[in-house]
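Comments concern the structure below.
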Amino acid sequence: MRVSIASDHAGYDMRQQVVKHLIDKGFEVIDGGAVSATERFNYVDAGNKVAEDVLSGKADRGIAICGTGIGISMTCNKHKGIRCALCNNEYMARMCRQHNDANVLSFGARVVGPEIAFAMVDCFFEEEFAGGRHAERLATMAATEDINFK
Ligand code: RB5
């Protein structure tokens, strides 16, 4: 599985830890975004990178990190076909796969610590989409994109 991960400066330190976690687990990682925790990097550019990597097929899934996870998840969700879930705990990370078939996981480096982040990342890759009634809802979501994304 290929994972594109990117962050702004606020998510830089967390991203380093998550990249190591992913590599240790055998994932192929495409790492992008801020080059340090001190040099400012716009979370929009980081979110766009993750979304584009997933939509182009360069990556199977994405992880997007900023200070709160809010700005970068908003950005990812501006891309048609991206279902980015901003999660704060393991349960949300589990459900975003089972019920929402999320293809990008987002979280805030100033909101959760590394242990919760690793647990969410693990859920995000372990859980399968449940399909059924959830697939019907996602079809409605895709139809909503078709109407509203110009
Ligand atoms: C950067 O200071 C901060 O605004 C950003 O990381 C994020 O939290 C925005 O949503």
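Test HIS99 against the criterion of being more than 16 Å from the ligand (Cβ to nearest atom) and more than 14 Å from ALA6 (Cβ to Cβ), and give yes or no.
In short, yes.
Could you list all residues from the stretch 112-133 that are of a type in the set (Gly, Ala, Ser) and free of Cβ contacts under 8 Å to residues at least 24 places away in the same chain?
Correct list: GLY113, GLY131, GLY132.
Each row is one residue, and each column tells you yes or no for (1) over 17 Å from LEU138 (Cβ atoms); (2) under 12 Å from the mean Cα position of the chain (by Cα).
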position	(1), (2)
ASN77	no, yes
GLY81	no, no
ASN103	no, yes
PHE125	yes, yes
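Are any residues in the stretch 48-83 within 13 Å of the ligand (Cβ to nearest atom) and either surrounded by 24 or more Cβ atoms within 10 Å (Cβ to Cβ) or charged (D, E, K, R) (or both), and if so, which ones?
Selection gives ALA64, ILE65, CYS66, GLY69, ILE72, SER73, THR75, CYS76.
Residues of the stretch 93-110 being closer than 22 Å to GLN17 by Cα and surrounded by fewer than 19 Cβ atoms within 10 Å (Cβ to Cβ), which ones?
Residues satisfying the conditions are ARG94, ARG110.
Assess whether LYS25 counts as being within 14 Å of VAL104 (Cα to Cα), of a type outside the set (A, V, I, L, M, F, W, C) and open to solvent by 50 Å² or more (accessible area, probe 1.4 Å).
Against the criterion (within 14 Å of VAL104 (Cα to Cα), of a type outside the set (A, V, I, L, M, F, W, C) and open to solvent by 50 Å² or more (accessible area, probe 1.4 Å)), LYS25 does not qualify.
Consider VAL3 against the criteria (1) part of a strand (DSSP E or B); (2) open to solvent by 70 Å² or more (accessible area, probe 1.4 Å): it satisfies all of them except one. Which criterion is unmet?
(2)
Which ones in the stretch 21-48 are assigned to a helix (DSSP H, G or I) and under 16 Å from the mean Cα position of the chain (by Cα)?
Once the filter is applied, which keeps residues that are assigned to a helix (DSSP H, G or I) and under 16 Å from the mean Cα position of the chain (by Cα), the stretch 21-48 yields HIS21, LEU22, TYR43, VAL44, ASP45, ALA46, GLY47, ASN48.
Yes or no, residue by residue, for (1) assigned to a helix (DSSP H, G or I); (2) farther than 17 Å from ILE5 by Cα; (3) touching a helix residue (DSSP H, G or I) at 6+ places or on another chain (Cβ under 9 Å); (4) polar (S, T, N, Q):
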{"position": "HIS79", "(1), (2), (3), (4)": "no, no, yes, no"}
{"position": "LEU105", "(1), (2), (3), (4)": "no, no, yes, no"}
{"position": "ALA142", "(1), (2), (3), (4)": "yes, yes, no, no"}
{"position": "LYS150", "(1), (2), (3), (4)": "no, yes, no, no"}
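The values are calculated or read from the model by the stated rules, or taken from the named source; none is laboratory data. Computed from a prediction, not measured in an experiment: that's the story for all the values here. Cβ sites come from the backbone with ideal geometry, for glycine too, and all protein chains shown count toward neighbours. We work out accessible area using only protein heavy atoms, side chains counted, and drop any ligands, DNA or RNA first. Shrake-Rupley method; radii C 1.70, N 1.55, O 1.52, S 1.80 Å.
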